[in-house]
Amino acid sequence: MTDTRKSLAELGIVDAVQLEALFAALREEFDRAAAEARDGTEWEALRVAWAGRKAGKLRQITENWLKPAPPELKRAVGQHLNELRAHLEATLAKPPQAGAAAVAAAEAERVDLSLPGIERYLGVRHILSQVLDEIQQIFLRIGFTVVDGPEIETPYYNFEALNMPADHPARDMWDTLYVETPRPGELLLRTHTSPMQIRWMEEHQPPVRIIVPGKVYRHDNPDATHAFAFYQVEGLAVDTDITFCDFRGVMDYFVKEFFGPKVKTRLQPSYFPFTEPSADVYGSCFVCEGAGCRLCKQSGWIELCGAGMVDPAVYGFVGYDAKKFSGFAFGMGVERMAMLKYGINDIQLFFQNDVRFLRQFR
Ligand SMILES: [Zn+2]
């Protein structure tokens, strides 16, 4: 900063060329300060510092430079001073907002209301929770109760009481994960939700109408259709007068409620150790409506769940009179239901928790 409190002699100015440079520097200092002034307060401070009547720089120049100037420089000092004053007055006359910095700052803070906002996604329930909920609601409407059971089971409940004695070949239908215990084979991770059929019937007399949603485990390699942990919903109804027609009707009701009223159902003979007769429940393909497509492998039908009338041998394990009671049971994979309903082609998507996948289901 040029010190205008010193005399020209003290600043070492002895000729017109030096004088011109001195005033040019002053003008630059002023312009820089004016560009940096951001508001009215700073603008007023600028005015006082340069044009203030008592101690402004213009006043100091008059006192310290012009009045004591040597005769050969006096005129030139007067001229430069007048030019500087005119420049200051012209600049200071503009409103403070006209400062370049103030304009830039205002521009940066300007809100463009026409721009799209930043979308903040609300969390959604996991699609499996939603589907599980929907399945439960359907069965609750027709008198079923929701119960749950342990995920760590004994071979008795997972196999034996479901009509699969040790070494029964049907045990190979499920690749079982055993829990490490002092005596191997004591505990396992349930391979299906069916053990809860036994546990419930042990404790309750008919009528029985339960569904058992929960996690099950298989020693499977993960791929697009297999996972080592997934969800099932088991169903069981036992009473004095339950017929195959009731079974058929409940399956048909569920499929129509879940997939839509247009979907037809069909039963195909199957085998499960704990149901007799056993059936696979098929729904007419909801993509091609039976014409044949990739989803239904050109058959027009899609397998939905395994089911059947409870094998009388199972009643023996829970103390029910097989002559007096009859019933049906079914089990379905929740992931499979969700995949079919929403056209999801890879079961792994459910477990990867990629929000781009999850937020599609709200
Ligand atoms: Zn199809």
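The values are calculated or read from the model by the stated rules, or taken from the named source; none is laboratory data. Here the structure is a predicted model, which is why all the values come from computation and not from measurement. Cβ coordinates were reconstructed from backbone atoms using ideal geometry, including for glycine residues, and neighbour counts include every protein chain displayed.
Tally the residues that are aliphatic (A, V, I, L, M), assigned to a helix (DSSP H, G or I) and over 16 Å from Leu22 (Cα atoms), restricting the search to segment 42-87. Result for segment 42-87: 6. Residues in segment 132-143 that are in contact with a Phe, Trp or Tyr (Cβ under 8 Å, 6 or more places away or on another chain), aliphatic (A, V, I, L, M) and part of a helix (DSSP H, G or I): Leu132, Ile135, Ile138. Does Leu22 satisfy the criteria of being within 45 Å of the chain's Cα centre (by Cα) and among the hydrophobic types (A, V, I, L, M, F, W, C)? Taking the combined requirement at face value, the residue does not satisfy it. Restricting attention to segment 1-41, the residues being of a type in the set (Asp, Glu) and either more than 19 Å from Thr91 (Cβ to Cβ) or not in a helix (DSSP H, G or I) (or both) number 5. Among the residues of this structure, Leu88 does not count as one that is touching a Lys or Arg at 6+ places or on another chain (Cβ under 8 Å), of a type in the set (A, V, I, L, M) and outside the structural domain of Pro207 (by TED's automatic domain parsing). Out of everything in segment 282-299 that is more than 7 Å from the ligand (Cβ to nearest atom) and within 34 Å of the chain's Cα centre (by Cα), what residue ends up being farthest from Gly327 (Cα to Cα)? Residue satisfying both the conditions and the ranking: Arg294.
A single entry from Tyr231, Tyr271, Tyr253 fulfils the requirement of being in the same structural domain as Arg190 (by TED's automatic domain parsing), buried (at least 20 other Cβ atoms within 10 Å of the Cβ) and more than 16 Å from the ligand (Cβ to nearest atom): Tyr231. Evaluation of Arg266 against the conditions (1) more than 16 Å from the ligand (Cβ to nearest atom); (2) charged (D, E, K, R); (3) in contact with a strand residue (DSSP E or B) (Cβ under 9 Å, 6 or more places away or on another chain); (4) over 30 Å from Glu203 (Cα atoms) shows that the sole unmet condition is (1). The numbered conditions (1) away from the ligand (no atom under 16 Å from the Cβ); (2) out of contact with any Gly (no Cβ under 9 Å at 6 or more places or on another chain) are all true for Ser278 except (2).
Any idea which residue in segment 301-318 is farthest from Met201 (Cα to Cα), counting only those that are within 16 Å of the ligand (Cβ to nearest atom) and buried (at least 18 other Cβ atoms within 10 Å of the Cβ)? Ranking the qualifying residues of segment 301-318, first place goes to Trp301. Taken residue by residue, segment 112-131 has no member that is assigned to a helix (DSSP H, G or I) and surrounded by fewer than 13 Cβ atoms within 10 Å (Cβ to Cβ). Cβ-Cβ distances below 6 Å connect the following pairs, each with a first residue in segment 1-19 that is farther than 18 Å from Ala55 by Cβ, a second residue that is in a helix (DSSP H, G or I), and a separation of six or more residues or different chains: Leu8/Trp65; Ile13/Leu19; Ile13/Leu22; Ala16/Ala76; Leu19/Ala76.
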